[in-house]
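Colleague: The structure's right below; bear with me while I get my questions together.
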6 protein chains.
Amino acid sequence: MTRSDGRSADQLRTIRLARGWLDHAEGSVLVEFGRTRVLCAASVTEGVPRWRKGSGLGWVTAEYAMLPRSTNTRSDRESVKGRIGGRTHEISRLIGRSLRGIIDTSALGENTLVVDCDVLQADGGTRTAAITGAYVALSDAIAWMRGQGMLASGEVLTDSVSAVSVGVVDGVALLDLCYEEDVRAETDMNVVMTGDGRFIEVQGTAEGAPFDRQELDSLLALAGDGCRELTEFQRAALASAR
Amino acid sequence: MTRSDGRSADQLRTIRLARGWLDHAEGSVLVEFGRTRVLCAASVTEGVPRWRKGSGLGWVTAEYAMLPRSTNTRSDRESVKGRIGGRTHEISRLIGRSLRGIIDTSALGENTLVVDCDVLQADGGTRTAAITGAYVALSDAIAWMRGQGMLASGEVLTDSVSAVSVGVVDGVALLDLCYEEDVRAETDMNVVMTGDGRFIEVQGTAEGAPFDRQELDSLLALAGDGCRELTEFQRAALASAR
Amino acid sequence: MTRSDGRSADQLRTIRLARGWLDHAEGSVLVEFGRTRVLCAASVTEGVPRWRKGSGLGWVTAEYAMLPRSTNTRSDRESVKGRIGGRTHEISRLIGRSLRGIIDTSALGENTLVVDCDVLQADGGTRTAAITGAYVALSDAIAWMRGQGMLASGEVLTDSVSAVSVGVVDGVALLDLCYEEDVRAETDMNVVMTGDGRFIEVQGTAEGAPFDRQELDSLLALAGDGCRELTEFQRAALASAR
Amino acid sequence: MTRSDGRSADQLRTIRLARGWLDHAEGSVLVEFGRTRVLCAASVTEGVPRWRKGSGLGWVTAEYAMLPRSTNTRSDRESVKGRIGGRTHEISRLIGRSLRGIIDTSALGENTLVVDCDVLQADGGTRTAAITGAYVALSDAIAWMRGQGMLASGEVLTDSVSAVSVGVVDGVALLDLCYEEDVRAETDMNVVMTGDGRFIEVQGTAEGAPFDRQELDSLLALAGDGCRELTEFQRAALASAR
Amino acid sequence: MTRSDGRSADQLRTIRLARGWLDHAEGSVLVEFGRTRVLCAASVTEGVPRWRKGSGLGWVTAEYAMLPRSTNTRSDRESVKGRIGGRTHEISRLIGRSLRGIIDTSALGENTLVVDCDVLQADGGTRTAAITGAYVALSDAIAWMRGQGMLASGEVLTDSVSAVSVGVVDGVALLDLCYEEDVRAETDMNVVMTGDGRFIEVQGTAEGAPFDRQELDSLLALAGDGCRELTEFQRAALASAR
Amino acid sequence: MTRSDGRSADQLRTIRLARGWLDHAEGSVLVEFGRTRVLCAASVTEGVPRWRKGSGLGWVTAEYAMLPRSTNTRSDRESVKGRIGGRTHEISRLIGRSLRGIIDTSALGENTLVVDCDVLQADGGTRTAAITGAYVALSDAIAWMRGQGMLASGEVLTDSVSAVSVGVVDGVALLDLCYEEDVRAETDMNVVMTGDGRFIEVQGTAEGAPFDRQELDSLLALAGDGCRELTEFQRAALASAR
């Protein structure tokens, strides 16, 4: 099988991580996985939500949204509809959990980091691009906090985090699905991994027929390779001058 | 390690499936996983949502909710707050996908099945109890449709579906976590499986430290055993007179 | 005239009050008026709403809701619609007023009792069943508070409260209408009474032709008998071991 | 006991019914019960709500609301809060039922009448003033329909309808309570009656101690006298040139 | 061209300002611009919104709304729709800005004035009538504050404010458009001016073809004359005994 | 006076118009006025809203929104708050009117164009940048429609449209205010003009002291020059290859 964009089955799309894309945000990145383009902005505020006050612990959360014309046909705005859809909620929560998986909230102190991930253009894999970009924006925001003297000596980040989608299309396990592949996938899996290769989240869904253990194993292997590569892109981006 | 209720690590809680608990619903069951108690009601309506009209295919969806005092301390009603929370959305969508994984929508014809899963009492595992009970309510509703002559000859159900939670607590992989264990789990996984042992959904989350491949494998094995046992409970319940 | 379920005109349906139906709630009861089944859960919290702080007085309120498939055909969830309907509001307020009619809020101290009344199955008379059950759940919650040492010496409950519907169907005054009778009633009345036979609330509505004073009198007499009988059921339930 | 405004116990406040207060509405009246001032506007539209189509029957409904500064201290707008309160819902429904109690919907044909009752100034008894005024606005709208040839030959109005509040203050039964009396009332009752003296709605509530049958009887008698008098005011207003 | 109501191009409609129309509000006026009728009520509260606390400055805001049957055909209530429309928001903000343009918030001290402008009947120019009336209600409320000793010695009002609409209809510049003219206008302009002839707000919109500088100038001149005249009406109203 | 960024009083910021920034939208542009960055996407759909059906006329509308971290400190999402603020509504309506001012809706046929203007970064003048960019996106979308054969022979665009802000800061009239200047402006004006120099919208607001006719005139002159220059940028962008 040839993929529509000529990639091999285990190949990522072109990855770009443009740091400092915004002037106001403490950390920001425009992340691209092929044509998927997500603007990640990390905002620092002193203090934590009420239920966490006095704990000495910080808080990290995320909000995901899509611009109405990020998609092939225009979608109504959730602000106009007056309510956030289930998918939006679900992805926001996933990104937040993924980031909290590599944060030492006690080293963060009672400060809050909100990472906004706004999809400017969608072509599959928006949640995995968002997580991968959010980590870079978060790192920059934490470096900013360090520069401001807001942090004590310990490391806030315990590792890096990236995410990739994998799926079975026409019986073949593919890495980093574009929209067209995603729609046709029999099984769809999103995997969130740390830089050292452990799992933060595994979400596999049979879209058509249920999948067996062997398919699961081959998808997990493919995702592992993809995340390793994404981790390298993150390191390179953070190593470069902004 | 001894579990708070004396179970062994690979033991389910007491499972009960009380079919026909409601008089009006086409299928209904009060499912209990220990102290977790979920009322599942399957409703049949002719016709399908607008976007599916003329397809010849049916539709199956689910709605999950918790009563305000199902939990240890009272929660505000989502109807009073005027919006559904992310968790509620997420679980409703999961139950719907799980049921659609074993339904042949063409054999269903242009009919809609809605399964309401209302948690009367929560003690961990409400979503897995809901899926396990929803399958039984769905089966009864489909039998009712058959009796009404609403269905053509083909099988609507391609298999059965059940779900169970597994997690790592104090380094030990446990089956079917109660609330107290769920809160303490380092890794939490919900697994939805068909009667023939394939996966419909795998959702694993590191609540504390990320988990490695070995932990993932041991949790999947434990879940496989649990779902097999739940499948037996479902068969027994459906085999008995209502 | 014979009633559809064979009752005489002045006969209640089968009444059941299953105390302690929930493990978490401070007081709970599953009340049944025939096929109408309402789960009442009383929750205790220290403190009172802001507008009542410093008054030395407690607060009692109630919330009523119906499960989507409690009715003959499925209704949309109010949480999904994003707003509470007028009928739901009205009944919640009625239950709250009824309970406050027999509570000495100064003996309660600055504590709040919320009684949730969720209709699991509806067959007419859900609001009167809810009030009748809510009193039992409330009593148990107050006993629990007494056991916790949250109350000073005075009596919190000044009396008991129960409620019943009465109506004129085909010119005959009937007690405790089931849904089918309720729909056909020319006049519909809900009466809330204390254990000593006084009124807390009288709500009579002409559904068809207006009613005259004589009809009103016969309905009030019938309701008085019904509430007396319900009071006995409440006493018996509270006298038994949980 | 002397009432704050010098009235006797069985005396109505000054009643005014200014017909044709608005230029656009098919029927309108500014009704005053003392300082309580409600603007009632009846709107005619051809057709009925979907659920009533093809029935040959018309529909009458009402909406009640208070201006934010109709009250002694300003209240937030329900449009700004984004939801309608329980009290507003309850009163809107009561007015609608009251009007439907004297309408022959088959003579109305498939037309809809909406009566908006907006409280410009509130001093107790806003719902009873609204019902009393709404009947006059409705009559004028029906006369307008007659003039437009929208109605067949039969009578749409089967009777007139008016409403009054009664209550027990310091042990004395009073007619037509102003706000100050309403707040102090031990028992509060709203009675909706037809022109021929029958009941459409009776709503009695114990605000403090429960009330007995004797109090109920004396309140009903007082309300009967009040409604008779209001019926006369309505007749006089409708008999005069607009 | 003759105007539908026989006015000359530069003539206002009949202006009425009925002060003290409400008993509860600290300042109130029923303002009429021909058939347009707006009830303005100014409410005083001690304290300011949170974001302004400790500033020593007061706050003035306004809320505009239309009764459902103020218009020729009935509109749905925004409270029922659960959201405020863009036009309502826009006009509320305009009225608030207009009033703040003539208020010395430091002389007001940390007090809040809310002016509610509810359109009872609409025939074009509701926002300009609202601003013109709101000033009078505001003046009375400030006089009331003065009487209560709530104000220090300085002047709170730095000038008066009024507003008028102007527009080009069939190529002719007209003052104070009624609804019928407003609908036909090629250019529509609302001008808010102080008593001394300066501008607080100029809002000109091409409804059809864009307008050139000459048209703009002639509309501004016409509006200037109109506001001068309205200022006289305001002075006369405030000079008369209430 | 020197401006913070060294510009002269009548100088625009650096203007950029990056056409075709999105792959899916029929027309799109990333417009920059200095640090203000707005993504404009024009979406074409066949058909018009219900109220316009059968008219033979097309419809053009716009939606404006700000990303939460487009501003200096993060703002809450309107989708999360569940309601759109007044300012957002107001600007969306302004952009829509501005575009409709240069569209011949009969030449458009029964098609709808929605232009989404999402502010990625805000530094003053977001609404004027949005209008200026929206015109370019609209032009490209109309060219796309032409290419698809969706349009008859007539011209859809009757002219171009651009917008700029002007204001008085420290007594000096300035063109194209950045955020810092906008906050300090005594008078703030947004002017929307056609390519041939006529007005579509003039909105001037006194933020502090009212302004007189002379100030108004000097601001209008400055805006005229600015819009002329922006028109040139638009022409150049549209003339270049995409």
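The values are calculated or read from the model by the stated rules, or taken from the named source; none is laboratory data. Model, not experiment: these values are computed from the prediction. Neighbour counts are summed over all protein chains in view; Cβ atoms, including those assigned to glycine, are modelled from backbone coordinates with ideal geometry.
Colleague: Looking at A:Ser92, is it of a type in the set (Ser, Thr, Tyr) and closer than 29 Å to F:Cys117 by Cβ?
Modeller: Yes.
Colleague: Can you pull out every residue in the stretch F:1-39 that is under 24 Å from F:Gly224 (Cβ atoms), touching a Ser or Thr at 6+ places or on another chain (Cβ under 7 Å) and assigned to a loop (DSSP other than H, G, I, E, B)?
Modeller: Of everything in the stretch F:1-39, just one residue is under 24 Å from F:Gly224 (Cβ atoms), touching a Ser or Thr at 6+ places or on another chain (Cβ under 7 Å) and assigned to a loop (DSSP other than H, G, I, E, B), namely F:Gly34.
Colleague: Could you tell me whether any residue of the stretch C:177-188 is under 25 Å from D:Asp188 (Cβ atoms) and in contact with a Phe, Trp or Tyr (Cβ under 8 Å, 6 or more places away or on another chain)?
Modeller: Scanning the stretch C:177-188 turns up at least one residue that is under 25 Å from D:Asp188 (Cβ atoms) and in contact with a Phe, Trp or Tyr (Cβ under 8 Å, 6 or more places away or on another chain).
Colleague: Given (1) part of a strand (DSSP E or B); (2) farther than 19 Å from B:Arg13 by Cα; (3) more than 11 Å from chain A (Cβ to nearest Cβ), identify the lone condition not met by B:Val202.
Modeller: Among (1) part of a strand (DSSP E or B); (2) farther than 19 Å from B:Arg13 by Cα; (3) more than 11 Å from chain A (Cβ to nearest Cβ), the lone unmet condition for B:Val202 is (3).
Colleague: While we're looking at this one, here's another question. Identify, please: which residue in the stretch D:121-133 is of a type in the set (Gly, Ala, Ser) and in contact with a helix residue (DSSP H, G or I) (Cβ under 6 Å, 6 or more places away or on another chain) and is, among those, surrounded by the fewest Cβ atoms within 10 Å (Cβ to Cβ)?
Modeller: This residue is D:Gly124.
This table checks each residue for (1) within 30 Å of E:Arg83 (Cβ to Cβ); (2) of a type in the set (A, V, I, L, M, F, W, C).
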{"position": "B:Arg16", "(1), (2)": "no, no"}
{"position": "B:His24", "(1), (2)": "no, no"}
{"position": "B:Ser28", "(1), (2)": "no, no"}
{"position": "B:Val60", "(1), (2)": "no, yes"}
{"position": "B:Ala65", "(1), (2)": "yes, yes"}
{"position": "B:Arg69", "(1), (2)": "no, no"}
{"position": "B:Asp104", "(1), (2)": "no, no"}
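Colleague: Test E:Ala221 against the criterion of being facing chain F (nearest Cβ under 8 Å) and either over 16 Å from E:Arg13 (Cβ atoms) or surrounded by fewer than 20 Cβ atoms within 10 Å (Cβ to Cβ) (or both), and give yes or no.
Modeller: Judged against the criteria, E:Ala221 is not a match.
Colleague: Still on this structure: Is it the case, given these coordinates, that B:Val48 is of a type outside the set (Gly, Ala, Ser) and either part of a helix (DSSP H, G or I) or more than 12 Å from chain C (Cβ to nearest Cβ) (or both)?
Modeller: yes
Colleague: Keeping to the stretch A:69-104, report how many residues are touching a residue at least 40 places away in the same chain (Cβ under 8 Å), out of contact with any helix residue (DSSP H, G or I) (no Cβ under 9 Å at 6 or more places or on another chain) and either within 25 Å of A:Leu22 (Cα to Cα) or of a type outside the set (D, E, K, R) (or both).
Modeller: 3
Colleague: Another question, then. From the set of residues in the stretch C:65-84 that are facing another protein chain (nearest Cβ under 7 Å) and outside any loop (DSSP other than H, G, I, E, B), which is nearest to the chain's Cα centre (by Cα)?
Modeller: C:Ala65
Colleague: Just wondering, is there one or more residues in the stretch E:178-187 that are among the aliphatic types (A, V, I, L, M), within 14 Å of another protein chain (Cβ to nearest Cβ) and touching a Gly at 6+ places or on another chain (Cβ under 6 Å)?
Modeller: The initial filter retains those residues of the stretch E:178-187 that are among the aliphatic types (A, V, I, L, M), namely E:183, E:185.
If we keep only those that are within 14 Å of another protein chain (Cβ to nearest Cβ) as well, we get E:185.
Filter once more, keeping what is touching a Gly at 6+ places or on another chain (Cβ under 6 Å): E:185.
Yes, the stretch E:178-187 has at least one match.
Colleague: Can you name every residue in the stretch A:51-64 that is within 14 Å of chain B (Cβ to nearest Cβ), farther than 30 Å from F:Thr45 by Cα and not in a helix (DSSP H, G or I)?
Modeller: Within the stretch A:51-64, A:Leu57, A:Thr61, A:Ala62 qualify.
Colleague: Now, a different point. Provide a single number: the residues in the stretch A:125-160 that are free of Cβ contacts under 8 Å to residues at least 40 places away in the same chain and outside any helix (DSSP H, G or I).
Modeller: Here the count works out to 3.
Colleague: In addition: Hey, among the residues in the stretch B:16-25 that are facing chain C (nearest Cβ under 9 Å) and touching a strand residue (DSSP E or B) at 6+ places or on another chain (Cβ under 6 Å), which one's farthest from B:Pro68 (Cα to Cα)?
Modeller: Filtering first and then ranking leaves B:Ala25.
Colleague: Tell me whether the stretch A:196-203 contains one or more residues that are in contact with a helix residue (DSSP H, G or I) (Cβ under 7 Å, 6 or more places away or on another chain), under 28 Å from A:Glu110 (Cα atoms), without any contact (Cβ under 8 Å) to a residue 60 or more places away in the chain and not hydrophobic (A, V, I, L, M, F, W, C).
Modeller: no
Colleague: Suppose we filter the stretch D:85-120 for residues that are surrounded by fewer than 23 Cβ atoms within 10 Å (Cβ to Cβ), within 12 Å of chain C (Cβ to nearest Cβ) and either closer than 30 Å to E:Ala141 by Cβ or among the aromatic types (Phe, Trp, Tyr) (or both); how many remain?
Modeller: 3
Colleague: Residue check: is F:Gly109 without any contact (Cβ under 8 Å) to a residue 12 or more places away in the chain and farther than 24 Å from F:Thr36 by Cα?
Modeller: Answer is no for this residue.
Colleague: Of the conditions (1) surrounded by fewer than 24 Cβ atoms within 10 Å (Cβ to Cβ); (2) away from chain A (no Cβ under 14 Å), B:Asp196 fails just one. Which one is it?
Modeller: (2)
Colleague: Turning to a different aspect of this structure: Tell me, please, whether a residue that is surrounded by 24 or more Cβ atoms within 10 Å (Cβ to Cβ), over 27 Å from F:Gln11 (Cα atoms) and of a type in the set (D, E, K, R) can be found in the stretch F:135-142.
Modeller: No, the stretch F:135-142 contains no residue that is surrounded by 24 or more Cβ atoms within 10 Å (Cβ to Cβ), over 27 Å from F:Gln11 (Cα atoms) and of a type in the set (D, E, K, R).
Colleague: Okay, moving on. Can you pull out the residues in the stretch E:165-180 that are of a type outside the set (A, V, I, L, M, F, W, C) and surrounded by fewer than 24 Cβ atoms within 10 Å (Cβ to Cβ)?
Modeller: Hits for the stretch E:165-180 are E:Asp170, E:Gly171, E:Tyr179, E:Glu180.
Colleague: Suppose the filter is at pLDDT 95 or above and out of contact with any Lys or Arg (no Cβ under 7 Å at 6 or more places or on another chain); does A:Gly27 pass it?
Modeller: When the stated conditions are applied, A:Gly27 passes them.
Colleague: Out of the residues in the stretch C:229-242 that are part of a helix (DSSP H, G or I) and loosely packed, with under 15 Cβ neighbours inside 10 Å, which is farthest from the chain's Cα centre (by Cα)?
Modeller: C:Ala239
Colleague: Report, by residue number, each residue of the stretch B:103-124 that is within 13 Å of the chain's Cα centre (by Cα) and assigned to a loop (DSSP other than H, G, I, E, B). Break it down stepwise before answering.
Modeller: At the first step, the residues of the stretch B:103-124 found to be within 13 Å of the chain's Cα centre (by Cα) are B:115-119, B:124.
Listed by number, the list holds a single entry, B:Gly124.
Colleague: Quick check on my filter: what residues within the stretch E:66-84 are crowded, with 21+ Cβ neighbours inside 10 Å and of a type in the set (A, V, I, L, M)?
Modeller: Within the stretch E:66-84, E:Met66, E:Leu67, E:Ile84 meet the criteria.
Colleague: Would it be correct to say that E:Thr45 is in contact with a strand residue (DSSP E or B) (Cβ under 8 Å, 6 or more places away or on another chain) and surrounded by fewer than 21 Cβ atoms within 10 Å (Cβ to Cβ)?
Modeller: For E:Thr45, the condition - in contact with a strand residue (DSSP E or B) (Cβ under 8 Å, 6 or more places away or on another chain) and surrounded by fewer than 21 Cβ atoms within 10 Å (Cβ to Cβ) - is met.
Colleague: Could you please let me know if A:Glu215 is within 9 Å of chain B (Cβ to nearest Cβ), charged (D, E, K, R) and part of a helix (DSSP H, G or I)?
Modeller: Yes.
Colleague: Only residues that are exposed (fewer than 15 other Cβ atoms within 10 Å of the Cβ) and more than 18 Å from the chain's Cα centre (by Cα): list them for the stretch C:12-40, please.
Modeller: Scanning the stretch C:12-40 gives a single hit, C:Asp23.
Colleague: Hey, another quick one. Just to be sure I understand, how many residues within the stretch B:170-182 are within 20 Å of the chain's Cα centre (by Cα) and not charged (D, E, K, R)?
Modeller: So the count comes out to 5.
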